Amino acid sequence: MRRGFTLIELLVVIAIIAILAAILFPVFARAREKARQSSCLSNLKQIALGAIAYSQDYDERWVRYRYPNPYYWRDKLMPYVNNMQVFVCPSRVPDKITTYTYGINYNHLHGWALADVKYPSEHLAFCDNHNALAGCPCQSAYLYTTPGAITLHNDGINIAYVDGHAKWMKPDGAKDPASDRIALHPYHYWPNGNATHTK
């Protein structure tokens, strides 16, 4: 004679499924974010290569943050990357037309001659940011994470360097208690460690 499952057996199966789901969902979420992180890294690499191509056309000068008004650096690099989606981090897409999700190194690069960049493989050019400019964290108004958010990509952010390569890194700077934003150490903006803004 066939008999069905007892209530206890059904509850045990449901409990096992719930436990497996609780274990696997965070793994899936991390894997999904890892894919977004890779896509974001590719975006930043394309932006950096576009900026290098731009500098070749403009007397070896790095693109400016906003000059002349009202043109931002993104507007000037568009002909070199030819894809608006490149300027949008896949982990933050509230408005794909107007929202900047990457910032340019404003204090220690914008408008510089490439000859002034002594360590191009270590000198931050662009990074994940809440603003179109990523100012040096020695100026506390511009720290890279959004308020209340630790980091975008698995406890880190993506950065593109002047030589065109891009990589993920963990935060190593100070946290601003007023804004709840975390900074990169100033060294990453200007590798000789000089925090003055003279150029």
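No lab work stands behind these numbers, since they all come straight from the coordinates. Since this is a predicted model, take the numbers as computed values, not measurements. Please note: Cβ atoms are built from the backbone with ideal geometry, for glycine as well, and neighbour counts cover all protein chains shown.
Express the relative contact order of segment 7-188 as a whole percentage, based on alpha carbon pairs under 8 Å and six or more residues apart in sequence. Numbers along the way, then the final one.
Numbers: 313 pairs, mean separation 38.1, N = 182.
Contact order relative to length: 21 percent.
Out of 171, 25, 133, whose Cα points farthest toward the positive end of the dipole of segment 7-188 (charges: +1 Lys, Arg; -1 Asp, Glu; placed on Cβ)?
Going by the Cα projections, it comes out as 25.
If R0 is 30 Å, what FRET efficiency do you get for residue 25 and residue 172 from their C-beta distance, rounded to 0.05?
Numbers: r = 30 Å, r/R0 = 1.01.
Efficiency computed from Cβ-Cβ geometry: 0.50.
Hey, which of these cross-link pairs are over 19 Å Cα-Cα: 45/167; 34/175; 118/170; 76/118? List each step's numbers first, then the result.
On the way: 45/167 9 Å; 34/175 24 Å; 118/170 24 Å; 76/118 24 Å.
34/175; 118/170; 76/118, as the Cα separations exceed 19 Å there.
What is the gain in length, in nm to one decimal, between residue 155 and residue 42 on full extension, counting 0.36 nm per residue of separation less the C-alpha to C-alpha distance? Write down the numbers at each step before the final one.
Details: separation 113, 0.36 × 113 = 40.68 nm, distance 1.82 nm.
Here the answer is 38.9 nm.
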